[in-house]
Amino acid sequence: MSGLVLGIETSCDETGVGLVRIDEAGASTLLANEIASSVDEHARFGGVVPEVASRAHLQAMVPAVHRAMATAGVRPRDVDAVAVTAGPGLAGALLIGVAAAKAYAAAWDVPLYGVNHLAAHVAVDTLQHGPLPPALALLVSGGHSSLLDVPDLAGPVTPLGATIDDAAGEAFDKVARLLGLPFPGGPHIDRVARDGDGTAIAFPRGLTGPRDAPFDFSFSGLKTAVARHVEALERAGTPIPVADVAASFQEAVVDVLTAKAVRAARERGMETLLLGGGVAANSRLRELAQSRCDAAGLTLRVPRPGLCTDNGAMVAALGAHLLAVGAKPSPLDLPADSSLPVTDVLVG
């Protein structure tokens with residue numbers, strides 16, 4: 001089934017609205033991708049403040065929908081379905097998006113699809129590289145570091161591993177703060193690290209021992225090791241080599257992420273590895289993943305950086321796939337679930 005889907009994303013601090021059209025052959029086309037970010041409002045706190053994010057979503061939602069419709073050159077009567085992130089995420093932020101999606105779906109008399117934020121990060125790749133074959137997905141963001149077996153976008157998704165403490169994105173933010181870099185930390189560490197030596201400091205690689213969970217992640221110990229290294233230099237009155245510390249920290253993170261992802265793909269017999277989530281925009285992660293996939297004979301798929309961060313296009317892309325395969329829509333009393341498990345691609 002072909003159709004036009006409006007996607008709404010409000011799981012954290014970006015108000016995202018996307019419009020995606022899918023044709024009878026299953027090819028998706030991105031028509032609009034509007035994002036209103038409240039990151040500047042959170043920067044002075046060094047992290048996202050849930051109440052601030054919720055208020056920002058409330059103010060940005062309707063204007064973002066209007067801009068998306070205008071950019072795509074479509075009218076409400078052209079929309080065939082509405083998709084929205086139902087979880088996981090910040091409870092208050094999710095509620096704004098879910099309430100808006102319900103209102104639009106009811107007003108326009110179209111189906112509503114409440115979808116999983118993590119599955120949407122996988123689906124967005126179809127907008128750039130076409131239909132997705134069975135794949136091993138490595139999703140890395142501020143709140144998640146997960147390895148998923150994805151045989152089909154509509155599910156079921158099998159979780160293979162996840163972080164047991166800090167997610168990769170959280171670690172980037174905390175280390176950036178230690179180094180005096182702005183929030184969010186990921187882009188700034190990536191930028192500074194380009195002038196540093198990733199082998200300058202031997203930071204630890206968490207959960208890489210022979211008896212450790214092979215596909216789980218831990219970055220708390222790495223964050224602590226960076227903090228102790230910086231504190232030792234400060235006590236000694238030695239200038240902190242910010243570029244080398246950033247590069248060595250970044251190398252430790254991407255080394256573990258890519259090694260475990262490639263190992264999981266090979267053990268599961270997958271031929272495709274997909275990177276998704278905000279941290280997938282990191283240049284060193286993309287570079288090392290490509291190198292290791294080439295060596296292992298795997299096909300690497302990574303959306304362009306603008307599609308890696310939270311956005312409405314990814315939600316619309318997943319909604320378009322669900323519409324095309326005839327998935328049963330969500331009810332209008334769809335709840336927002338801040339702890340929605342990754343196995344639930346569609347909330348029924």
>> Which of the numbered conditions does Glu34 fail, given that it passes all the others? Conditions: (1) at pLDDT 95 or above; (2) crowded, with 22+ Cβ neighbours inside 10 Å; (3) part of a helix (DSSP H, G or I).
In response: (3)
> What residue, among those in segment 233-279 that are of a type in the set (Val, Ile, Thr) and not in a helix (DSSP H, G or I), is farthest from Gly143 (Cα to Cα)?
Replying inline: Thr238
> For segment 13-31, which residues satisfy the criterion of being within 22 Å of Ala105 (Cα to Cα), open to solvent by 10 Å² or more (accessible area, probe 1.4 Å) and hydrophobic (A, V, I, L, M, F, W, C)?
Replying inline: Leu30, Leu31
>> Criterion first (under 26 Å from the mean Cα position of the chain (by Cα), within 25 Å of Ser146 (Cβ to Cβ), of a type outside the set (A, V, I, L, M) and modelled with pLDDT under 95) does Gly269 satisfy it?
In response: no
> What number of residues in segment 242-267 are touching a helix residue (DSSP H, G or I) at 6+ places or on another chain (Cβ under 8 Å) and open to solvent by 50 Å² or more (accessible area, probe 1.4 Å)?
Replying inline: 1
> Mind checking which pairs have a first residue in segment 40-65 that is in contact (Cβ under 8 Å) with a residue 40 or more places away in the chain and open to solvent by 40 Å² or more (accessible area, probe 1.4 Å) and a second that is among the small types (Gly, Ala, Ser) and in a helix (DSSP H, G or I), Cβ under 7 Å, 6 or more apart or different chains?
Replying inline: Pro50/Gly92; Pro50/Ala93; Glu51/Gly92
> Failed condition for Tyr113, given (1) farther than 18 Å from Val150 by Cβ; (2) open to solvent by less than 10 Å² (accessible area, probe 1.4 Å), with all others met?
Replying inline: (1)
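Hey, can you tell me all the residues within segment 159-185 that are of a type in the set (Gly, Ala, Ser) and under 24 Å from Ala265 (Cβ atoms)?
Once the filter is applied, which keeps residues that are of a type in the set (Gly, Ala, Ser) and under 24 Å from Ala265 (Cβ atoms), segment 159-185 yields Gly161, Ala162, Ala167, Ala168, Gly169, Ala171.
The values are calculated or read from the model by the stated rules, or taken from the named source; none is laboratory data. The structure displayed is predicted, hence computed values, not measured ones. Heads up, the Cβs are rebuilt from the backbone with ideal geometry, glycines too, and the neighbour counts pull from every protein chain shown. Surface accessibility is based on the protein's heavy atoms, side chains included, excluding ligands, DNA and RNA. Shrake-Rupley method; radii C 1.70, N 1.55, O 1.52, S 1.80 Å.
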